[in-house]
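First comes the structure, then the notes that go with it.
The values are calculated or read from the model by the stated rules, or taken from the named source; none is laboratory data. Just so you know, these numbers come straight off a predicted model, no measurement behind them. Reconstructed Cβ throughout: ideal geometry from the backbone, glycine too, with neighbour counts over all protein chains shown. Heads up: the accessible areas ignore ligands, DNA and RNA and are worked out on the full protein's heavy atoms, side chains in. Shrake-Rupley method; radii C 1.70, N 1.55, O 1.52, S 1.80 Å.
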Amino acid sequence: MIEAFFNIEIMKAAWPIVLTGLWNTILLSLIVVPLGLFGGLILALLASIRHPLVRWPLMAWVDFFRAFPPLVLLVLLFAGLPFAGLELDGFACVAIAFFLNTGSYYGEIFRAGIDSVPGGQVEAARSTGLSRMQAMRYVVLPQAVRNVMPDLLSNTLEVVKLTSLGSVVAVPELLYEARQAQSITYNPTPIVMAAVIYFLLLWPLVRLLSRLENRALAGRR
Amino acid sequence: MTSHIVDARAIHKHFGTLHVLKGVDLKVNERELVFVIGPSGSGKSTLLRCLNRLEEPSSGSIVVDGIDMLDPKTDINHARRRIGMVFQSFNLYPHMTALGNVTLALRKVAGKGRAEAEALGRAALERVGLAERADHTPGQLSGGQQQRVAIARSIALEPRVMLFDEPTSALDPELVGSVLEVMRGLRESGMTMIVVSHEMGFARNAADRVVFMDDGLIVEQGPPAAIFETPSHERTRAFIGQIQRH
């Protein structure tokens, strides 16, 4: 058992490869999380324009990308787009797929946050001469983000986990590199390493999330 | 052109099938304190909210300090700076300190630098007796203090008119006095004020004129003594009677 899963020799040999994967996972997360947050914010701001011409297409967009499995979306972009004459590397496909998929999730969270801010806040801001955008930026959004912080964090956790999907389209992130190492060494130890690293990477976030959720509950009481 | 600082004519407001304002005229002189009273649902708050266009009137005309509030060419954000508004539920920004609440519009609308905005903000808090609470957040303040910060937020912009929408209705009775005290001070400094409120004692000794509204219309208006002692309409009499029994 220990030979198979916790082989020290293999760990030593695989470490540089797995480390490269870890850095790429961190890099990928640092790109797709802000991208998703940005896309989500735009969707939420558009949703705050309650015009039917904006609302219905927006709802269709968000529903579509929330219902569409991200793995299928990713494979479709990677394997399908070349047939449309557009060849993107795996990294670009992951960025686009995450922008579409996680952006829709972040968008719904931001929208709930904006809805949670009482209308009187906007009225007070507008009554002092702030424009609609200024009221949104200085009064509504700071409160909205604070109100949905646990949900934003929870979604971010999911997004970081989902970066492992990149391995399917040859993005050299943690899981991909671990599988490379596994296939070279004929031993599953590198996969175990990847699992442990994922855990160590995300566990602090999970702890932070629990604390935020507990505080939110205490605040409600 | 008009000599009145507020000149609203034939204001109608529909909410769907509900006809809330049925042709209201309201003219207010400079430095005047006008009290608007009436049963709930009479349209008094809606009228107030139409004056700074928080509510869009269905028809009519509103001129405040020479600015046509309903003209699409009017820069409404600029116009609103000159009209302060105080809300029943204070509506302070909970994520900012008292000073932050007061300086936001000074900085972002009036375009003041941070130092100047903070000096003006502290002066406004001083006027409502809360200079030492500048760094407190709304959650750390009593309801009366919150409402005074809300007044400071409005007066810091040096408005020409102040609108008060039931400013003391959400307050515990022992906190009402401090807010009325600030309003009295404002009146003495010559501020034009339109107040929707049930504080009849305050109306009696501070108002220049009392306007009684019912069912979307102004039923009668006059000096407080006349409205409270010798109302000429049956509906006014009934309302005053009800209020005074409490």
Task: Checking B:Ser89 against (1) facing another protein chain (nearest Cβ under 9 Å); (2) open to solvent by less than 40 Å² (accessible area, probe 1.4 Å), the condition it does not meet - done: (2)
TODO: Go through the stretch B:138-157 and count every residue that is assigned to a loop (DSSP other than H, G, I, E, B) and within 12 Å of chain A (Cβ to nearest Cβ).
DONE: 2
Task: From the options B:Ile194, B:Ile243, residue that is modelled with pLDDT under 90 and closer than 23 Å to B:Leu21 by Cβ - done: B:Ile243
TODO: Restrict the check to the stretch A:168-182 and report whether at least one residue is within 12 Å of chain B (Cβ to nearest Cβ), open to solvent by less than 50 Å² (accessible area, probe 1.4 Å) and part of a helix (DSSP H, G or I).
DONE: no
TODO: Check the stretch A:13-24 and report whether any residue there is modelled with pLDDT under 90 and exposed (fewer than 13 other Cβ atoms within 10 Å of the Cβ).
DONE: yes
Open item on the list: Go through (1) within 12 Å of chain A (Cβ to nearest Cβ); (2) closer than 29 Å to B:Ile67 by Cα for B:Met191 and report which single condition fails.
Closed with: (1)
Task: Residue list for the stretch B:161-198, restricted to those being of a type in the set (Gly, Ala, Ser) and over 26 Å from B:Ala79 (Cα atoms) - done: B:Ser169, B:Ala170, B:Gly177, B:Ser178
Open item on the list: Regarding the stretch A:134-142, can at least one residue be identified that is over 22 Å from the mean Cα position of the chain (by Cα), facing another protein chain (nearest Cβ under 9 Å) and not in a helix (DSSP H, G or I)?
Closed with: no
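Let's see how each residue does on (1) of a type outside the set (D, E, K, R); (2) on the phi > 0 side of the Ramachandran plot; (3) surrounded by fewer than 17 Cβ atoms within 10 Å (Cβ to Cβ); (4) touching a helix residue (DSSP H, G or I) at 6+ places or on another chain (Cβ under 9 Å):
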| site | (1), (2), (3), (4) |
| --- | --- |
| B:Val102 | yes, no, no, yes |
| B:Arg107 | no, no, no, yes |
| B:Ala110 | yes, no, no, yes |
| B:Asp135 | no, no, yes, yes |
| B:Ala150 | yes, no, no, yes |
| B:Phe164 | yes, no, no, yes |
Open item on the list: Please count how many residues of the stretch A:85-129 are over 29 Å from A:Pro150 (Cβ atoms), within 14 Å of chain B (Cβ to nearest Cβ) and in a helix (DSSP H, G or I).
Closed with: 2
Open item on the list: Please verify whether A:Ala44 is touching a helix residue (DSSP H, G or I) at 6+ places or on another chain (Cβ under 7 Å), open to solvent by less than 80 Å² (accessible area, probe 1.4 Å) and assigned to a helix (DSSP H, G or I), treating the condition exactly as stated.
Closed with: yes
- [ ] Six or more apart or on different chains, Cβ under 6 Å: which pairs go from a residue in the stretch B:148-166 that's under 23 Å from B:Leu26 (Cβ atoms) to one that's basic (Lys, Arg) and assigned to a helix (DSSP H, G or I)? Could you list them?
- [x] B:Leu157/B:Arg81
Task: Cβ-Cβ under 9 Å pairs, at least 6 apart or on other chains, the stretch B:69-82 side within 12 Å of chain A (Cβ to nearest Cβ), far side in a loop (DSSP other than H, G, I, E, B) and among the charged types (D, E, K, R) - done: B:Ile76/B:Arg53; B:Ala79/B:Arg53; B:Ala79/B:Asp65; B:Arg80/B:Arg53; B:Arg81/B:Glu158; B:Arg82/B:Asp65; B:Arg82/B:Glu158; B:Arg82/B:Arg160
Task: Residues of the stretch B:112-129 that turn out to be among the aliphatic types (A, V, I, L, M) and either in contact with a Leu (Cβ under 8 Å, 6 or more places away or on another chain) or at positive phi (or both), as a count - done: 3
Open item on the list: It is to be established whether one or more residues within the stretch A:186-198 are under 22 Å from A:Phe91 (Cβ atoms), without any contact (Cβ under 8 Å) to a residue 12 or more places away in the chain and assigned to a helix (DSSP H, G or I).
Closed with: no
Open item on the list: Suppose we filter the stretch B:226-246 for residues that are open to solvent by 30 Å² or more (accessible area, probe 1.4 Å) and within 22 Å of B:Thr168 (Cα to Cα); how many remain?
Closed with: 5
Open item on the list: Just to be sure I understand the filter: pairs with C-beta atoms under 8 Å, separated by 6 or more residues or on different chains, first member in the stretch B:222-238 and more than 12 Å from B:Phe212 (Cα to Cα), second member at pLDDT 90 or above and surrounded by 13 or more Cβ atoms within 10 Å (Cβ to Cβ). Which pairs pass?
Closed with: B:Ala225/B:Arg204
